[in-house]
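The values are calculated or read from the model by the stated rules, or taken from the named source; none is laboratory data. In this text the structure is predicted, and so the values were computed from the model without any measurement. Ideal geometry is used to build each Cβ from the backbone, glycine not excepted, and the neighbour counts take in all protein chains shown.
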């Protein structure tokens, strides 16, 4: 049985796709300084930072959230066979992701809802799979919920439908645009199948217990998703952070962040929220268990991994 966390009435299981333990910190964080790891490396756990090599560990995964009456998948990782030549580590993957989902007791047709933090290649890829040379929905009975702005921007990025009003000036100039074909290959087939629900990211409850909160910057309309169940609160962080190092140094932007200053503001906001609520945070790229807590320290925050064998989260 796959290990799971219990948050209120929800059973939450990490469905892993990829793992790396040789990430170059200067590649992930182009503005990193020597002080960052010299000061905070000793606080990072061995499963996230190899002190001997100076390399970081990361992964890609999705989160399966199971209630007695509904199965929910939060983000869907990268997917197999996706043409992503600009991201070699994700290009034309062949992973047993669906087998791992099955090991958690759920088949694709048993997923009722898919929630998306944002529309990037490694968060929407398993929405579709190749069948007779065409991309078709992987979760054929699931309602897929996503930002309307993210979808419009993705469609424009792929030359499907222009969006001259995007991105808005308030975000500042983009450092780069999203990878091409992500919307066309991983979102449009779902929408054409009538399985899409585009929403406004404004903190409202969209599904019982789930609300989408604006944390833009990493992407144009990135959301962090809050779950409240039986008086217990948890967050699905998306890409507000890519590694525990950013909990200690929220000024560090990842190479994948599109709107750099806005991303930092969102990161700092999120850290305050997560710490204030004592909430369990389910991350998208942290290694080890992928889940943990933001703790207050004298001059900022620290990260503490949580483990499924700790029992129910109270």
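Things to note:
- For the stretch 293-302, the criterion of a residue being buried (at least 21 other Cβ atoms within 10 Å of the Cβ) and modelled with pLDDT of 95 or more is satisfied by at least one position.
- Subset of the stretch 166-186 (residues that are within 20 Å of residue 200 (Cβ to Cβ) and either in a strand (DSSP E or B) or over 19 Å from the mean Cα position of the chain (by Cα) (or both)): 166, 167, 168, 169, 170, 171
- Flag set for residue 268, criterion: over 12 Å from residue 117 (Cβ atoms) and at pLDDT 95 or above.
Each row is one residue, and each column tells you yes or no for (1) in a strand (DSSP E or B); (2) under 18 Å from residue 75 (Cα atoms); (3) modelled with pLDDT under 95.
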site: 197; (1), (2), (3): yes, yes, no
site: 219; (1), (2), (3): no, yes, no
site: 227; (1), (2), (3): yes, yes, no
site: 257; (1), (2), (3): no, yes, no
site: 261; (1), (2), (3): no, no, no
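- Comparison of 149, 111 shows that the only residue that is surrounded by 17 or more Cβ atoms within 10 Å (Cβ to Cβ) and touching a strand residue (DSSP E or B) at 6+ places or on another chain (Cβ under 8 Å) is 111.
- The residues listed here are 265, 228; of these, the one that is more than 25 Å from residue 18 (Cα to Cα), buried (at least 18 other Cβ atoms within 10 Å of the Cβ) and more than 17 Å from the chain's Cα centre (by Cα) is 228.
- Qualifying residue in the stretch 294-314 (condition: part of a loop (DSSP other than H, G, I, E, B) and in contact with a helix residue (DSSP H, G or I) (Cβ under 9 Å, 6 or more places away or on another chain)): no
- Which numbered condition residue 189 misses (of (1) more than 18 Å from residue 266 (Cβ to Cβ); (2) surrounded by 21 or more Cβ atoms within 10 Å (Cβ to Cβ)): (2)
- Boolean, residue 136 is closer than 30 Å to residue 102 by Cα and more than 17 Å from the chain's Cα centre (by Cα): yes
- Search result, residues across the stretch 194-223 that are at positive phi and crowded, with 18+ Cβ neighbours inside 10 Å: 209, 217
- Filtered by the rule that a residue be under 22 Å from the mean Cα position of the chain (by Cα), outside any helix (DSSP H, G or I) and without any contact (Cβ under 8 Å) to a residue 60 or more places away in the chain, the stretch 142-165 gives 143, 144, 146, 158.
- Residue match in the stretch 51-65 (condition: at positive phi and in contact with a helix residue (DSSP H, G or I) (Cβ under 6 Å, 6 or more places away or on another chain)): no
- Residue 169 meets each of the listed conditions (1) surrounded by 15 or more Cβ atoms within 10 Å (Cβ to Cβ); (2) free of Cβ contacts under 8 Å to residues at least 24 places away in the same chain apart from (1).
- Selection status of residue 278, out of contact with any helix residue (DSSP H, G or I) (no Cβ under 6 Å at 6 or more places or on another chain) and farther than 25 Å from residue 150 by Cβ: yes
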